[in-house]
Amino acid sequence: MTEFLPQNQIDSFKAKAAAIAHPHEMIVDLLRAIQLHHGWVPDDGVLLTAATLGVLPIEVEEVATFYDKIFRREVGKRVIHVCDSICCWATGAEMITEHLKKALGIGLGETTTDGIFTLLPTCCLGACGDAPAMMIGFTTHGLLTTEKIDDILQKERAAVAAEIFA
Amino acid sequence: MPKLTIDNLEVTVPEGINVLEAARELDIIIPHFCYHEALGSVGSCRLCAMMFVDGPVKGLQMACMIQAQDGMVVSSTDPDAIELREHVIEWAMTNHPHDCPVCDEGGECQLQEMTVAGGHGVRRYSGKKCTFTNQNLGPFVQQEMNRCITCYRCVRTYRDYCGGTDYGVFGSRNRIQYARFREGALESPFSGNIIDACPTGVLTSKPFRFKTRLWDLQEAPSICPHCSLGCATVPGGRYREVQRVKAGINRETNGFFICDRGRFGYDHVNHPERPRQGRLDGQPVTVNAALLAAREQVTAIASKHGPDSVAFLGSSRSSFEASVLLHDWAKATGSQQLVFEAHQGRDRAARTLTAQLGKHVRSQEELRQSDLVILFGADPLAEGPMLALAIRQAVRNGGKVVVIDPRPVELPCAASYLPLSPEKLPEVLVALGKKDFNAFEADERVLLESLVEQLKSAQRPVLIGGADLLGGKGVQALCAAAEKFTSDERSVGVITLLAGPNSYGGALLAGDGPDFDSILDAVQEGTVRALVCLESDPFREARDPARAHAALGHLELLVSFDSTPNLAAQRADIFLPTRANAEMAGSYVNNEGRLQAFMPVIDPGVPIRETGAGNHPPREFFQITPGSSPEADWLLLAGLLERELDLVGLRESIEKDHPPFAGLSSIAAETTGVRLTAQGTLPPAEEQELPHAADSEALTLMAITGQIGSCWLAHLSSPLAATEPQPYVILHPELAAELNLAADERARLTTHFGHCHIVIRTDEKMLKSLILVPQLWDTALEGMVPGGMLDCRLEKEAQR
C-alpha cells in the first residue's frame, strides 16, 4: 500500500485533533502534509485526513477542492502558479504565460512529459508591487521577463535533477 | 409589531420577520433564490435587493437580511434595485445551458420565473460556459450540474436541515459543484427533498423523468398514507397513474419537507396486480352486485347465528369517514366485534393514546421547538421518518435527545443511548416517575437519575413512544410519566408513533371493544363466522400470523374491501375494490388527533403504460375505462348502508351522529387541519403476554419495523421496492463474536417458521442480548410481525 504520510505524523495529527474543539481547523495542515510527502492528494489521502481528524470525507473534500494550492490530481515536481490577476495582467502576464507555455511545451493545467513542471494559472499572489509574478513552491518570482523565466526554469530543472540523483 | 411602508403601502407585521417576508404579506413578491422559509436567509444569491428610502436602514439592501422595523420605507420598484436585480440574474445565467425545452423542471422552474421577473431577456455573455461531469446519485435523484446557479439550497436542505453527511459543495467561483465525494446513491432517507429545494433543473426526480410535462400533470393536495404523522403531500398523476409526489406545506406537521418513503411510495396505486374488479365466490361481478351480496350475506349470518357472529376489522389506512361507517355498520348489525387494527399491540397503543393524551398532545412543529426529547421504544426512521427530522430541528435549536430502546435507533442528529430490553420500557417509565432505579444496573442508574433532573428543568420536554414496542401498557406508562413531570408552569408533551395514517381515528371509534386476538379466538371457537375486512390483511398483520391463518380458515364468510393485492383480498368470498388515497377525497386523523382532508388527483384505471407496453395500443374498445371500478372506501360503505353518497352530506350526518367529531364538515384540504377534542376509551384489560424465550439455550429474536421493506404500501411501489435490502438481522458485535459471526457474513436463522438465509449486520448501540429481525414483505422474514419475540438459532452458513 502507498504511504501517504509516515505513521508518526498521522499519530501526532490524531493527538492534536483529539485535543481541540474544532478538528476541522486542521484539515488544511494535514492535506498539506500529505501533499508534501506524496506530491499531491489522491482520494485515499482525503479519506486518511477524514479518518485521522474524525471528520466527514465530504468536509475534507470541500476544503481540498476550494483551495487551488491543494492538488487533487497528480502534478509535476515543480508547480508553476502564474498570476492572471489585474496588476500582473496590466504588466504583461499574458505574454509571460505565453512564454511559459512555449518554453515548457504545455498548456495551462498540463504537466510536461518529463514530469518536472505543471503550469497553473492563479489569482493574486500578493506580489502586485513586483508584477508580473509567478510562484514555484514557496518562492515567488516577481518583475518577470522572458530571460528571467528561462533562467528560473533552468535552475529548477537542475535542482530537480540534483534531487533525483541525490 | 413594526409598521412599515413597502411600495407606498403600509403594513404591520409580526416581530422578527424580515423585509422580504413583510413584502409577501402585501403580496409583493421580491425575486429570490437562497431565501427559504424553513432554511432561513443567508443573503448569498444577491437577488432580493430593495431600496431602503427612509427609516433605520438606508440604501440598497438585501431584503431577506434586514429585519422589518418600525418606520421603514422600502421600495421594490426603485430603478437602482431593479437594475441590480437585472445584473444579478444575468450573471447567475452566464453558465446556464438554456436547455429549457428538454429540461424536466420546465413548468415549475423558479429560475425561469425569476429570470423573467428580474428583467433579463437577452444574453450578452458570449464566452465559454463552464461544464461539469454529473454523478449518478442513485435511484431517486437525477443530477444535471450544468444548469446550476450555485444558490446552495440543496446543501442547506440536505446537510443542514436533513442531516445528510454524503453530499456537499466542491470547488470555488465558477467551478462550484454540488456532489458526493464519490459517485453513488444518496444515503439520507430524506434525499428527495433536494428535488423540491432546487430552484431549477439540476436535481430532478429520477423515477419521474421523461414522464410528463408539468403543465399536463394533474395535482391535488393530499395527506401521505405511509405512516401516522399525516404529512402534507402533493401527488401528481397522468395517464391514469400517479407519477410523482412532492412535499406539501403544513407548518404544524411536516413543514416544507417529506421523507423518501412518502415521496417515492406512490406506485402502489399503479401496481400491476392491484385488484380492480368486484368479485363474488371467485367470479368477477360489478361493484353493486358485490355490495348487495355483502350486505345480504352479513345480515343472513347475523340473523342466523346472532349479531356477534359477524366481526368487523377496519384498518389504519382507511379514510376516517369509512372507519365511521364501518363502526355504524357494526352497530346496525348489533355486533360488538369491531376493531380497527389487526396488530394487537398497535391497536392497544392507539386506543390508550386517544384515551390519555389530553393536554400532553404535541405537533411536529412543537417538537421542533422542544429542548428535551426522550424516545422510549420509538424508532422514527422506521415508524415515522419525518419525526426524526423534527427531532433534528429540536437539536439544531439547542435541544437534547435521549434514546431508550433495545434497537440501535438511528437519528440524523446527536443523541445519548440507553439500550434496555423491551419488557423494561414500561418499567423505566414508572421508575422515572418514582425516582426509584433499584431494578437497574449501576451505569443505567446514572443516566436515569440525570434524566429525572433534565426532565424537571426542561421548558418544553417531549416524550416519544412507538406503538410496536410499547403496546397499550407502555403508552399508558408514557402518558403517566408525562403527567408526573408536568408542573403548573408547563406540561410535558407526548408523541406516539402509530401504525398508519388513520390509526388515531380508528382508535377513537374502537371504544372498549375486543382486540383482534380475542376475535381470532372467537373465530377459532366458531362463535364468529363472518369477517369484514376494510383495507386490512388479518393474515399478515395479526400478532401471530400462523394463528391467524389457522383460525381464519374456519370462517364461513370473508368480505374484503381493498386497493392492494393482499392475502385477504385474494382469499375473500366477496371482494370490493377501493380507491387509493390519491384517487379519492376523504380525511385521516394523524397521531396527534389532527383531522386532515385530502383530495383526489386522478380517477382509477389501468395505467396506459401498462396496456401499451411499448407496442401498438390495444385494439379492443370499451365504453368505460379499463380498471376504473374501484370506488372510495366511504362511498362503498355509504352505498351499502344507504347513507349519503356525497362527502359533504356524509360528513354533516357523521357530525350529527357523533358529536365528538365536530369540525368534520368544515375541514378543507391544504390547511393545517383540525385537532379533534374527542377522547377515546381504554381497551379491555390485557391478556397474558405470549410466552417467549422458554428455551434457555435459544437466543431471543425481536421482530422490528425496518427502515425499508416493512411498509406494505411502500413495498408495492417500484421505486422503493428496488432499494429493499436482502433479508438481514442486526446484533451487537459482542454477541456476533460469541456466535463466531461477522458483519456482512451470510448466516442461517432458525425459528419455528423454519430456516432462512440472512446477512449479518452489527451495531454497537443496541442491546447485547437480542437479535433484531426486520419484517420484510415477500421474503422469508414476512412473518416477523414487529414487536413479536421468538426463540431462534443463528449459525454460520455451512462453507460450500
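Report the residue count in segment B:372-419 for those that are among the small types (Gly, Ala, Ser), assigned to a loop (DSSP other than H, G, I, E, B), on the phi < 0 side of the Ramachandran plot and touching a Gly at 6+ places or on another chain (Cβ under 7 Å).
Residues that pass the stated criteria total 1.
Hey, B:Ala477 hits all of (1) crowded, with 21+ Cβ neighbours inside 10 Å; (2) out of contact with any helix residue (DSSP H, G or I) (no Cβ under 9 Å at 6 or more places or on another chain) but one; which does it fall short on?
Against the list (1) crowded, with 21+ Cβ neighbours inside 10 Å; (2) out of contact with any helix residue (DSSP H, G or I) (no Cβ under 9 Å at 6 or more places or on another chain), B:Ala477 comes up short only on (2).
Yes or no: segment A:70-78 includes at least one residue that is more than 14 Å from every other protein chain (Cβ to nearest Cβ) and part of a strand (DSSP E or B).
Checked segment A:70-78: at least one residue is more than 14 Å from every other protein chain (Cβ to nearest Cβ) and part of a strand (DSSP E or B).
Considering only segment B:758-800, how many residues are touching a Pro at 6+ places or on another chain (Cβ under 6 Å) and at positive phi?
Residues in segment B:758-800 being touching a Pro at 6+ places or on another chain (Cβ under 6 Å) and at positive phi: 0 in total.
Quick one: in segment B:195-223, of everything that is part of a helix (DSSP H, G or I) and of a type in the set (D, E, K, R), which residue is surrounded by the most Cβ atoms within 10 Å (Cβ to Cβ)?
At the first step, the residues of segment B:195-223 found to be part of a helix (DSSP H, G or I) are B:195-197, B:214-216.
Add one more test, that the residue is of a type in the set (D, E, K, R), and what stays is B:196, B:216.
Values: B:Asp196: 20, B:Asp216: 11.
Here the answer is B:Asp196.
Tell me, yes or no, whether segment B:496-505 has at least one residue that is modelled with pLDDT under 95, more than 23 Å from B:Ala546 (Cα to Cα) and either of a type in the set (Gly, Ala, Ser) or surrounded by 24 or more Cβ atoms within 10 Å (Cβ to Cβ) (or both).
Pass one, segment B:496-505, residues modelled with pLDDT under 95: none.
No, the conditions are met nowhere in segment B:496-505.
Name every residue in segment A:113-147 that is surrounded by fewer than 17 Cβ atoms within 10 Å (Cβ to Cβ) and either touching a strand residue (DSSP E or B) at 6+ places or on another chain (Cβ under 7 Å) or under 24 Å from A:Leu36 (Cα atoms) (or both), in order of residue number.
Listed by number, the residues that qualify are A:Thr113, A:Asp114, A:Gly115, A:Pro121, A:Cys123, A:Cys124, A:Gly126, A:Gly137, A:Phe138, A:Thr139, A:Thr140.
Report whether or not A:Glu3 is touching a strand residue (DSSP E or B) at 6+ places or on another chain (Cβ under 8 Å) and either away from chain B (no Cβ under 14 Å) or free of Cβ contacts under 8 Å to residues at least 40 places away in the same chain (or both). Spell out how you get there, then give the answer.
Numbers: touching a strand residue (DSSP E or B) at 6+ places or on another chain (Cβ under 8 Å): no; either away from chain B (no Cβ under 14 Å) or free of Cβ contacts under 8 Å to residues at least 40 places away in the same chain (or both): yes.
Here the answer is no, as A:Glu3 does not meet what is asked.
Only one of (1) within 30 Å of B:Pro14 (Cβ to Cβ); (2) surrounded by fewer than 13 Cβ atoms within 10 Å (Cβ to Cβ); (3) not β-branched (Val, Ile, Thr) fails for B:Ser76. Which number is that?
(2)
Being part of a loop (DSSP other than H, G, I, E, B) and either surrounded by fewer than 20 Cβ atoms within 10 Å (Cβ to Cβ) or touching a Cys at 6+ places or on another chain (Cβ under 7 Å) (or both) is the filter here; which residues of segment B:327-371 pass it? Break it down stepwise before answering.
Pass one, segment B:327-371, residues part of a loop (DSSP other than H, G, I, E, B): B:334-337, B:340-343, B:357, B:362-363, B:369-371.
Listed by number, the residues that qualify are B:Gly334, B:Gln336, B:Leu357, B:Gln369, B:Asp371.
For segment B:432-447, give me each residue that is assigned to a helix (DSSP H, G or I) and either surrounded by fewer than 19 Cβ atoms within 10 Å (Cβ to Cβ) or at pLDDT 95 or above (or both). First the steps, then the outcome.
Here is the first cut: in segment B:432-447, the residues assigned to a helix (DSSP H, G or I) are B:432-434, B:442-447.
The answer is B:Gly433, B:Lys434, B:Ala442, B:Asp443, B:Glu444, B:Arg445, B:Val446, B:Leu447.
Spot the failing condition for A:Ala64; the list is (1) farther than 30 Å from B:Val169 by Cβ; (2) in contact with a strand residue (DSSP E or B) (Cβ under 9 Å, 6 or more places away or on another chain); (3) of a type in the set (Gly, Ala, Ser), and only one is missed.
Unmet for A:Ala64, out of (1) farther than 30 Å from B:Val169 by Cβ; (2) in contact with a strand residue (DSSP E or B) (Cβ under 9 Å, 6 or more places away or on another chain); (3) of a type in the set (Gly, Ala, Ser): (1).
Would it be correct to say that B:Leu463 is closer than 19 Å to B:Pro683 by Cα, at pLDDT 95 or above and buried (at least 24 other Cβ atoms within 10 Å of the Cβ)?
On the way: closer than 19 Å to B:Pro683 by Cα: no; at pLDDT 95 or above: yes; buried (at least 24 other Cβ atoms within 10 Å of the Cβ): yes.
So B:Leu463 fails the test.
Which condition number in (1) closer than 19 Å to B:Val42 by Cα; (2) modelled with pLDDT under 95 is the one that B:Arg175 fails?
(1)
Check segment B:91-106 and report whether any residue there is hydroxyl-bearing (Ser, Thr, Tyr) and farther than 21 Å from B:Leu47 by Cβ. Don't jump to the end; show me each part of the working.
Let us first name the residues in segment B:91-106 that are hydroxyl-bearing (Ser, Thr, Tyr), namely B:94.
Still in the list and also farther than 21 Å from B:Leu47 by Cβ: none.
No - not one qualifying residue is present in segment B:91-106.
Name the single residue that is surrounded by the most Cβ atoms within 10 Å (Cβ to Cβ) among those in segment B:289-305 being of a type outside the set (Gly, Ala, Ser) and touching a residue at least 12 places away in the same chain (Cβ under 8 Å).
In the first step, residues of segment B:289-305 are kept if they are of a type outside the set (Gly, Ala, Ser); the result is B:291-292, B:295-299, B:301, B:304-305.
Right, trim to touching a residue at least 12 places away in the same chain (Cβ under 8 Å) and you get B:291, B:295, B:297-299, B:301, B:305.
Working: B:Leu291: 21, B:Arg295: 17, B:Gln297: 18, B:Val298: 23, B:Thr299: 14, B:Ile301: 19, B:His305: 16.
The residue in question is B:Val298.
Looking only at segment A:50-67, decide whether some residue is more than 18 Å from A:Leu125 (Cα to Cα) and more than 14 Å from chain B (Cβ to nearest Cβ).
Here is the first cut: in segment A:50-67, the residues more than 18 Å from A:Leu125 (Cα to Cα) are A:50-65.
Narrowing the set further to residues that are more than 14 Å from chain B (Cβ to nearest Cβ) leaves A:52-53.
Yes.
Out of all the residues in segment A:98-108, is one or more in a loop (DSSP other than H, G, I, E, B), in contact with an Asp or Glu (Cβ under 9 Å, 6 or more places away or on another chain) and more than 14 Å from every other protein chain (Cβ to nearest Cβ)?
no
Among the residues in segment B:95-117, are any in a loop (DSSP other than H, G, I, E, B), free of Cβ contacts under 8 Å to residues at least 12 places away in the same chain and surrounded by fewer than 16 Cβ atoms within 10 Å (Cβ to Cβ)? Step through it out loud before you land on a result.
As a first pass, look at segment B:95-117 and keep what is in a loop (DSSP other than H, G, I, E, B): B:95-99, B:103-109.
Now restrict to residues that are free of Cβ contacts under 8 Å to residues at least 12 places away in the same chain: none.
No, every residue in segment B:95-117 fails to be in a loop (DSSP other than H, G, I, E, B), free of Cβ contacts under 8 Å to residues at least 12 places away in the same chain and surrounded by fewer than 16 Cβ atoms within 10 Å (Cβ to Cβ).
Looking only at segment A:66-113, how many residues end up being within 18 Å of A:Thr146 (Cα to Cα) and not β-branched (Val, Ile, Thr)?
Within segment A:66-113, residues that are within 18 Å of A:Thr146 (Cα to Cα) and not β-branched (Val, Ile, Thr) number 21.
Out of all the residues in segment B:535-558, which are assigned to a loop (DSSP other than H, G, I, E, B) and over 23 Å from B:Val298 (Cα atoms)?
Initial filter on segment B:535-558 (assigned to a loop (DSSP other than H, G, I, E, B)): B:535-537, B:542-544, B:553-556.
Matches in segment B:535-558: B:Arg543, B:Asp544.
The values are calculated or read from the model by the stated rules, or taken from the named source; none is laboratory data. Not measured: the values here are computed from a predicted model. Neighbour counts run over all protein chains shown; Cβ positions are idealised from the backbone, glycine included.
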